[in-house]
Each structure stands twice: as C-alpha cells, then as structure tokens.
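Encoded as structure tokens, the structure appears first; notes follow it.
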Amino acid sequence: MPSSIPVRVADRDFRSINQARLHYTNILHRVPTGQKLEEADNADVLILIQASGLHLAPEARAFEVAQGSFGRKCLVARPCKGDTQTLSILRAVKGCALKPQGETAKEAMAVEEASKPIAGSGSNKKENKKAVEKHDNLPSKSK
C-alpha cells in the first residue's frame with residue numbers, strides 16, 4: 001500500500017493529497033452552480049492556487065461554481081466579462097504536495113549528472129578525437 005504524501009498549502013497542513021482534495025471539493029459542493037464562493041472560501045481557494053504555482057490571470061480574484069464536463073461542478077475564475085478560466089483542484093493540490101527529503105536529493109544528483117558532458121558529444125575536442133581514433137582502430141566485422 002502506498003504511503004500518503006503530505007500537502008502544505010500556505011500555513012495549513014494536510015496528511016495526504018486526498019484529505020486536501022476533499023477539503024477543497026467540499027467547498028465546491030457547498031455552493032450551488034452559478035454562485036460565487038463566500039469570502040472565506042474564496043480566500044482559501046485563492047491561497048491554494050497561488051501556493052500551487054498554477055497560472056491565474058492577475059485580474060481573477062473571485063471564483064464561482066460552474067457546470068463542467070459530464071455534468072460535474074467545477075471552479076472557474078472570471079478575469080474579464082465573458083472569459084472563464086477553469087481550475088483543477090487536484091492539479092493545484094498536487095502542486096502543493098511535499099516531496100520526501102530523499103527524493104529532492106535524488107533530483108539534485110540527477111540534474112548534476114545530466115549537466116556533465118557526454119563522451120563524443122562535442123563538448124571536449126580531445127575526448128572526441130580519442131573516441132574517433134579508438135573507433136578507427138576497431139577490427140571490422142566484414143569478411
């Protein structure tokens with residue numbers, strides 16, 4: 001069974017992605033379709049979006065509940081009259097998920113390895129010349 005991944009949204013901690021998702025979907029389900037969120041809920045959702053790093057139009061500060069695909073409710077921001085920006089609660093929550101300490105160390109090592117020059121990639125002329133000479137000295141397989 002996989003272990004739960006903790007989530008931190010600003011100063012609020014959740015034990016798992018699912019708990020955070022449930023908190024924000026409860027906000028979504030409390031409000032009737034077509035209605036704007038209450039001020040406290042609106043602030044909560046705004047903090048989530050900002051903490052997750054998702055792009056939100058600068059003018060969009062008020063959220064409302066709309067009818068989404070397949071008859072499901074969704075949160076939308078209306079930055080301008082007529083425009084809507086649909087928001088994914090799960091994507092925002094996953095953007096706030098905390099990474100295990102070992103995982104960030106592995107990522108740092110992977111970035112360091114990826115930044116090293118590859119033999120024969122043109123980054124080191126001496127190394128390339130040696131590789132070409134070594135290749136020329138190999139016995140041919142044709143008879």
Number of the condition not met by residue 45 [criteria: (1) farther than 23 Å from residue 8 by Cα; (2) surrounded by 13 or more Cβ atoms within 10 Å (Cβ to Cβ); (3) modelled with pLDDT of 85 or more; (4) not basic (Lys, Arg)]: (1)
Count of residues meeting criterion [among the charged types (D, E, K, R) and either under 12 Å from residue 45 (Cα atoms) or touching a strand residue (DSSP E or B) at 6+ places or on another chain (Cβ under 8 Å) (or both)] in the range 77-93: 1
Enumeration of residues in the range 47-67 that are more than 11 Å from residue 36 (Cβ to Cβ) and β-branched (Val, Ile, Thr): 47, 49
Residues located in the range 57-76, provided they are at pLDDT below 90 and within 16 Å of residue 45 (Cα to Cα): 57, 58, 59, 60, 61, 62
Whichever residue in the range 58-99 is assigned to a loop (DSSP other than H, G, I, E, B) and touching a residue at least 60 places away in the same chain (Cβ under 8 Å) and, among such residues, is farthest from residue 4 (Cα to Cα): 96
Subset tally (residues that are of a type outside the set (A, V, I, L, M), surrounded by fewer than 17 Cβ atoms within 10 Å (Cβ to Cβ) and touching a residue at least 40 places away in the same chain (Cβ under 8 Å)) for the range 9-35: 3
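The values are calculated or read from the model by the stated rules, or taken from the named source; none is laboratory data. Please read all numbers here as calculations on a predicted model, not as lab measurements. Virtual Cβ from ideal backbone geometry, glycine too; neighbours counted across all protein chains shown.
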